[in-house]
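The values are calculated or read from the model by the stated rules, or taken from the named source; none is laboratory data. Please read all numbers here as calculations on a predicted model, not as lab measurements. So basically every Cβ, Gly included, is an ideal-geometry build from the backbone, and we count neighbours across all protein chains shown.
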Amino acid sequence: MLFQACGNKKDMHKGNIVIAGRYINNTVLNKISDTIILGNIPHYCYEINFIGADSVDINNGFEEYKLFYKKDSNNHYLLQKASYKGDMFFTISGDSTFILKDSAWNNIPTNTEFKRVPDNRAEKWVFDYYLNAKAIAGKYRIYKNNKPTQQYVIFKADGNVIGLKDYNTYNLCYAGDCLGETRIESNVISLSGNNTKSETTCDYAYKMDRRNGILCIYALAAPIKDIEGEREIIGKVFDLRQ
């Protein structure tokens with residue numbers, strides 16, 4: 001019942017569809033691959049939460065803002081002042097999806113599908129959870145010198161990591177300044193630890209081979225003074241295999 005309450009509801013008196021709940025960018029999630037840089041996947045935003053009968057909260061990865069929408073005609077809706085290019089249409093395509101017509105913004109021929117997700121998490125935004133689940137979450141065995149050890153690492157979709165040195169949380173870079181962290185373009189993961197000795201966050205580059213279940217994490221050279229990013233990718237520090 002709670003799940004259904006978050007979705008699209010028919011208003012029998014007005015003949016309109018009332019949209020409610022959280023929607024995440026399903027097109028971005030479906031484009032995740034071994035070779036693509038997460039931040040390079042075309043998008044207008046990553047999450048849209050319908051907070052009222054005429055307004056939404058939007059998260060594009062580094063900004064949060066509120067927009068108003070209204071019904072146009074033939075089940076078309078208008079997201080008002082969506083960008084400097086003006087309004088943006090969206091259409092309901094099912095009980096739990098809608099299509100945002102953002103091709104002009106993204107400069108690609110296709111539009112974006114948003115999928116409703118359960119509104120049962122405490123966080124204001126939940127896209128990271130689904131990104132983590134698709135991109136990296138899982139149980140891995142630690143290899144050293146190309147040989148398996150008896151140690152395992154678990155990356156959980158909620159951003160927690162178990163068994164990886166002194167780290168206990170992680171974040172995958174897909175928006176913001178972290179996208180330019182390395183000289184050679186690479187996916188970046190931030191690992192954070194909080195123990196009795198210290199609290200620290202370190203950035204690493206990583207590569208994923210999903211077919212063979214291999215996750216390799218690489219150290220980055222120290223930042224160059226007065227230069228943003230441009231960090232070299234140096235030696236492999238974690239060899240993890242499922």
*asked:* Just the residues that are surrounded by 20 or more Cβ atoms within 10 Å (Cβ to Cβ) and either assigned by TED's automatic domain parsing to the domain that holds Asn60 or within 20 Å of Lys31 (Cβ to Cβ) (or both), please, taken from region 133-154.
replied: Ala135, Ile136
*Taking region 225-240 as the region of interest, how many residues are over 17 Å from Leu164 (Cβ atoms), loosely packed, with under 10 Cβ neighbours inside 10 Å and among the small types (Gly, Ala, Ser)?*
0
*Mind checking whether some residue in region 179-186 is at pLDDT 95 or above and among the β-branched types (Val, Ile, Thr)?*
no
*Taking region 117-155 only, how many residues are part of a helix (DSSP H, G or I) and under 20 Å from Asp239 (Cβ atoms)?*
1
*Restricting attention to region 21-78, report how many residues are of a type in the set (Gly, Ala, Ser) and either in a helix (DSSP H, G or I) or assigned by TED's automatic domain parsing to the domain that holds Ile214 (or both).*
1
